[in-house]
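K.L.:
The structure that follows is given in the form of structure tokens.
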Amino acid sequence: MPLDAFCLAGAAQEIRRAVQGGRIDKIYQPTRDEVVLLIRGLEGNVRLLLSANPGHPRAHLTQLSRENPAEPPMFCRLLRKHLTGARILAVEQPPAERLLDFHLEALDELGDRAERRLVLEAMGRSANLILLDGEGRITDCLRRVDGDLSRQRQVLPGLFYRQPPAPDKLNPLTASPEELRAALENPLGKEPEKLLLERITGLSPLVARELVFQAGGGGVPLARALEELANTVKENRLTPYLLVREEKSVDFSFLPILQYGPETECRRMESFSQMLDGFYESREVAERVRQRGQDLVKSVTSARDRTRRKLANQEKELADAGDRERRRELGDILTSNLHVMEKGMKSVRAVDYYDPEGKEVDIPLDPLLTPQQNAAKYYKEYNKAKTAEQMLTVQLEKGRRELEYLNSVLENISLAEGERDLQEIRQELSDTGYLRRPAKARAREKRVAGKPMEFRSSAGLRISVGKNNSQNDQLTTKLAFKSDIWLHTQKIHGSHVILWTQGEAPDVQSLTEAAQLAAWFSQGREGKKVPVDYTPVKYVKKPAGARPGMVVYTTYQTAYVDPDGELAKRLRVK
């Protein structure tokens, strides 16, 4: 759900306590729409996330480490120039508005004290992060808005900043009880939640439905519920609640949500920042990887589809070559009947002595060829088909390996956790010829060597999981010892998993957990009983000339396990 004004107020309370009076130490911009401030607060160092992402704008303290680009964007450089070392004087939020205004004291180019403001407008598609000078002029912003985009309000460097126009609705924090009751009068019989959203500002659809649910409908009870909500916000009694359904977070709010009944757990969280961090973590990682990996997915999908079409054509050609023996037989029949054939004949009828019943057969002829040439033509077609079958068999096997490899790359892209993982996959595709780049560009580019995912079993054994084919090769053929255990899903694309045994026999629990990880990081993630093969590394070999990540193995055993994402979270070593 989008962050409403009251959840933002709860997060602002936490931000205010942690950063007011502190100084901005470092500034990063991990993505186009996000800025992270490292602040030396009065009670310790904290990270403050300011997101102007149109899909989920927000502000809160964060514990998550985000991958930063190699070169900081221009807006990040501007913020570093003006705000590094700045002291945070105040954090303000207009009543019932999704807007945070940071008042700062910094040093200008001459070393004199200068006022600065950093304004986050967390307002959906028009979300923005704006830097102002001491006079309220816009220095710059994440998203510039000119006259073509908005005639009512431009956001451009050099203009005086104006807050977004307030909606023509009643503010529950400043309105009197009488005004609230009058606003909720419903002579036309509208649905109460729609009436709330039309006439009261600051509410999300979820909160509007909950107020109606708790009030038992509209009218005076709904007005009282709205008054109680306003008092809760004014007295800073906001509490973060995460809505969990089937162990997946589906929504959040600042008050208990009871409308969904027992099927949805309303879980109280320690802080708004912790709640927002957890709620958006997996969503944002998946979205960032999806956006940055779109070019890879497109290239690999195109190559895979091209390989599939080629395989289909080759299989058809192989089927056509399957009747080559009949062509040789027809050549033999023509050779034995040359005496009844003449040049110019379009066909000849002769006894088929290859038929058990000795039936006659009509054999098509080329009227431009002599009888001997017609017979030779069938022998030539036989030899051509025989050679084609041999070549097509080799090509089909090669094509199937290519298809398997490309499918594994697509699976690896889905496992990527950041730009470094995607860059490693780009390198692999460039090395294998699927991505073409000029030789000079490849020479200048720094090669990236990522690290596999690391886990610890319940018994303390180390488990490594490759995130792409290059890491799979490194793990299996370079790093693992012959006595360590190699695991991989059977006939399903997935990661290579190494259970490091330290030369001893592994316990059953560690083997089971490693197998569950192999199933989770594979195409069988959604299955129930996924077959996972496991064997000592000494039985795993990489064929000469094989694509990255492709191996063969012998003397293995198979375990059937349920993939477990919660196990992966619990055992993961950060």
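K.L.:
For LEU258 and ARG436, what is the calculated FRET efficiency with R₀ set at 56 Å and r taken between the beta-carbons, to the nearest 0.05?
P.N.:
0.45
K.L.:
Spin-label point model (7 Å from Cα, Cβ direction): what's the LEU42 to GLU227 distance in nm?
P.N.:
It works out to 3.7 nm between the two label points.
K.L.:
When ranked by the protection proxy of mean other Cβ atoms within 10 Å per residue, highest first, what sequence do the peptides 486-495, 141-150 form?
P.N.:
486-495, 141-150
K.L.:
As a quick test, which of the pairs LYS310/LYS529; LYS542/LYS569; LYS298/LYS467; LYS346/LYS380; LYS451/LYS542; LYS190/LYS234 have an alpha carbon distance above 27 angstrom in this structure?
P.N.:
LYS310/LYS529; LYS542/LYS569; LYS190/LYS234
K.L.:
Cα-based Rg of the stretch 101-192 per 2.2 N^0.38 Å, rounded to two decimals?
P.N.:
1.54
K.L.:
Please give the length that would be gained between GLN372 and ARG32 if that part of the chain were fully extended, namely 0.36 nm times their separation in residues minus their C-alpha to C-alpha distance (nm, one decimal).
P.N.:
114.8 nm
K.L.:
For a bin width of 5 Å, list the pair-distance distribution of the stretch 299-411 built from all Cα-Cα distances, rounded to whole %.
P.N.:
Distribution as computed: 2, 11, 17, 14, 12, 10, 8, 7, 6, 6, 4, 2, 0, 0 percent.
K.L.:
With just the Cα atoms of the stretch 203-303, tell me how far they stretch along each of the three principal axes, in Å, largest first.
P.N.:
That gives 64, 26, 24 Å along the principal axes, largest extent first.
K.L.:
PRO192: net charge of surrounding residues, Cβ under 12 Å, Lys/Arg +1, Asp/Glu -1, itself excluded?
P.N.:
Within the 12 Å Cβ shell, the charges total -1.
K.L.:
If packing is taken as the mean number of other Cβ atoms within 10 Å per residue, what is the order of 523-531, 252-260, highest first?
P.N.:
252-260, 523-531
K.L.:
Here is a follow-up. Quick one: CYS7, CYS266, fewest Cβ neighbours within 10 Å first, how do they rank?
P.N.:
With the fewest neighbours first, CYS7, CYS266 line up as CYS266, CYS7.
K.L.:
Whole Å is fine, so just give me how far the alpha carbon centre of the stretch 396-433 lies from that of the stretch 82-157.
P.N.:
Here the two parts' Cα centres lie 43 Å apart.
K.L.:
What distance in nm separates the two pseudo spin-label positions at LYS541 and GLN294, each 7 Å out from Cα along the beta-carbon direction?
P.N.:
4.5 nm
K.L.:
Can you work out the FRET efficiency for the pair ARG283 and PHE160, with r the C-beta to C-beta distance and R0 = 45 Å, to the nearest 0.05?
P.N.:
The calculated FRET efficiency here is 0.80.
K.L.:
Next question, about the same structure. Full extension from VAL340 to GLU566: what is 0.36 nm times the residue separation minus their Cα-Cα distance, to one decimal in nm?
P.N.:
Additional length available on full extension: 73.2 nm.
K.L.:
Another question, if that's okay. Just rank HIS496, HIS82, HIS103, fewest to most, by other beta-carbon atoms within 10 angstrom.
P.N.:
HIS103, HIS82, HIS496
K.L.:
Now for a different question. Between the stretch 202-245 and the stretch 1-35, what is the C-alpha centre distance in whole Å?
P.N.:
The two parts, judged by their Cα centres, are 24 Å apart.
K.L.:
PRE reach from LYS482 (point 7 Å along Cα→Cβ): which of the stretch 524-549 fall under 16 Å by backbone N?
P.N.:
Counting backbone N atoms under 16 Å from the label point, the list is 535-542.
K.L.:
Quick check: pseudo-label points 7 Å beyond the Cα along Cα→Cβ at ARG401 and LYS529, how many nm apart are they?
P.N.:
With each label placed 7 Å out from Cα toward Cβ, I get 3.4 nm.
K.L.:
Turning to a different aspect of this structure: Just the Cα atoms of the stretch 453-571: what Rg and Dmax do they give in Å?
P.N.:
12.8, 38
K.L.:
Here's a follow-up. Using the reciprocal of the averaged 1/r over all distinct C-alpha pairs, how large is the Kirkwood radius of the chain in Å?
P.N.:
29.8 Å is the Kirkwood radius here.
K.L.:
Using a/c under 1.5 as the rounded threshold, could you call the stretch 5-141 rounded, prolate or oblate? The axes a ≥ b ≥ c are square roots of the C-alpha gyration tensor eigenvalues, and prolate needs a/b larger than b/c, oblate otherwise.
P.N.:
Rounded, since a/c falls under 1.5.
K.L.:
At R0 = 35 Å, how high is the FRET efficiency between LYS380 and ALA312 if r is their beta carbon distance? Nearest 0.05 is fine.
P.N.:
0.85
K.L.:
Looking at the square roots a ≥ b ≥ c of the eigenvalues of the Cα gyration tensor of the stretch 469-537, which shape do they give, rounded for a/c under 1.5, prolate if a/b is larger than b/c, or oblate?
P.N.:
Since a/c reaches 1.5 but b/c is at least a/b, the shape of the stretch 469-537 is classed as oblate.
Read the figures in this text as sums done on the coordinates, not as results from a lab. If you're wondering where the values come from, they're calculated on a predicted model, not measured in any experiment. Positions of Cβ are generated from backbone atoms using ideal geometry, with glycine treated the same way; all protein chains shown enter the neighbour counts.
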